[in-house]
Amino acid sequence: MTSIKRAIRSEFIRLRRNWTLPAAAVGLTVLATFFVFAGDGPTRGQEEATVVDVDTLAQSDGIVAGLDVAASLIGLFALVLWALSVSRDLQTGSIRVLLVTQARRRVYLGGKLTALTATTIAMGFGCVLASVLMAHGGAASNDISTDAWVWSEVWSTLGNVTIASLVWGALGAALAMAARSASAAIAGGIGYMLLGENLIGSLWSSAGEWLPSGTLDNLLEGGTEAVSYSRSVSMALVYLVAGVAASLIVISRRDVTD
């Protein structure tokens, strides 16, 4: 128990270098919420920017309208954060020093992933808080009624954003562990997120129902007619476990002396 605590504390200390990524995610959420309530924000699932009308913003989920727009990009920040954290030790060679003080590789990685999980949860909470505060300010300045707004929408959105961010983070960590390069892992993850699955979808019509990006989009939407919310959650958790398991397998077998 003492070993895992030390590993977690060590990772938190080094994560201070990457504080700009969670801060940028919160800033992005603030900006998205501002534009939504300013009247020219893009709504989820539409290819072109459209005006979110007052009636839509006055509905029960209007309180998280800005967060809905920024949700996918928050996952991108998580992917970058996890990939940078994992690849940093491999690229600088500091993993050799860390494994001298903590010889058990799985404990080392467990501490790292635990710290990253806590940071990602905190980032999601910060984004939700910023979005809610901006939403109330935007509603007041634009005479939008908040009577129908409910906090259950906030908590469900927070849960969905957190799960999606953790999945993208775990996949980013697995890519970084395999590639041993932050740039390769980030480029591969972002490329897949933005383009890869769309290309696969052109050949496989049901790709969005099974592959990570489509699954997480369905999760963030609260489920669709094709894929239920419960199935989206289940598949997201499968991808999360798969990403963590892949990282554990690679670090258990990887030579860290070269």
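Tabulated values for the structure
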read-out: Subset of region 68-93 that is modelled with pLDDT under 85 and touching a helix residue (DSSP H, G or I) at 6+ places or on another chain (Cβ under 6 Å) - its residue that is least open to solvent (accessible area, probe 1.4 Å); value: 89
read-out: Filtered residue count, region 32-52, keeping only those that are more than 11 Å from residue 135 (Cα to Cα) and modelled with pLDDT of 50 or more; value: 2
read-out: Filter pass, residue 211 being in contact with an Asp or Glu (Cβ under 7 Å, 6 or more places away or on another chain) and either open to solvent by 20 Å² or more (accessible area, probe 1.4 Å) or closer than 25 Å to residue 118 by Cβ (or both); value: yes
read-out: Residue among 226, 178, 187 that alone is open to solvent by 50 Å² or more (accessible area, probe 1.4 Å), of a type in the set (Gly, Ala, Ser) and not in a helix (DSSP H, G or I); value: 226
read-out: Residue tally, condition in contact (Cβ under 8 Å) with a residue 40 or more places away in the chain and out of contact with any Ser or Thr (no Cβ under 6 Å at 6 or more places or on another chain), over region 216-235; value: 6
read-out: Options 168, 149; residue that is of a type in the set (Phe, Trp, Tyr) and in a helix (DSSP H, G or I); value: 168
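The values are calculated or read from the model by the stated rules, or taken from the named source; none is laboratory data. These numbers come from a predicted model, not from an experiment. Neighbour counts run over all protein chains shown; Cβ positions are idealised from the backbone, glycine included. The accessibility values were calculated without ligands, DNA or RNA, using every heavy atom of the protein model including side chains. Shrake-Rupley method; radii C 1.70, N 1.55, O 1.52, S 1.80 Å.
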